[in-house]
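Input: a single structure, listed below in structure tokens.
Values quoted throughout were computed directly from the atomic coordinates according to the rules given, and no laboratory measurement underlies them. Since the model is a prediction, treat every value here as computed from it, not as a measurement. Neighbour counts are summed over all protein chains in view; Cβ atoms, including those assigned to glycine, are modelled from backbone coordinates with ideal geometry.
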Amino acid sequence: IATEENGNNGHLTTVAKAKPSTGLIVYPNPSKGDVNIITEVKQAGPLTIQVTDMQGRVVYEKAINSVDKGFQQIALRNLQLKASTYIVKVANRLQVQTCKLVVRD
């Protein structure tokens with residue numbers, strides 16, 4: 001993901017130019033509660049997203065019945081998480097990907 005300057009008024013536009021090297025990106029990070037996830041899915045099928053606090057307690061969970069193989073973008077809105085650091089885990093039958101998420105007030 002890259003940012004480019006738009007020639008009209010100098011506004012910035014986000015452009016997906018590069019694939020994530022880790023297979024999982026969570027942004028914005030730090031966040032205020034709404035985040036987007038970009039994940040590389042290696043096999044089509046069900047996908048689970050979990051957010052845990054640093055003590056390992058699940059504070060959010062979402063199951064998706066089916067996603068296609070390839071890069072997928074998933075929006076998580078109104079997570080209502082307190083300011084802290086969390087672990088985002090995206091899992092399917094073949095893989096588990098994790099990433100830290102910082103939530104600020």
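Quick rundown of the values:
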item: Built amide H within the under 5 Å cut-off of SER31, gap 5+; result: VAL102, VAL103, ARG104
item: Karplus-derived HN-Hα couplings along the range 71-79 (A = 6.51, B = -1.76, C = 1.60, θ = phi - 60°), whole Hz, x at Gly and Pro; result: 7, 10, 10, 10, 9, 10, 10, 6, 5
item: 3J(HN,Hα) from dihedral phi, the range 94-100, Karplus parametrisation 6.51/-1.76/1.60, rounded to Hz, x for glycine, proline; result: 9, 8, 10, 10, 10, 7, 7
item: Protection proxy ranking of 51-58, 89-96 - average other beta-carbon atoms within 10 Å, highest first; result: 89-96, 51-58
item: Residue-span extension gain [ILE74 to ASP34] - 0.36 nm each, minus C-alpha spacing; result: 13.3 nm
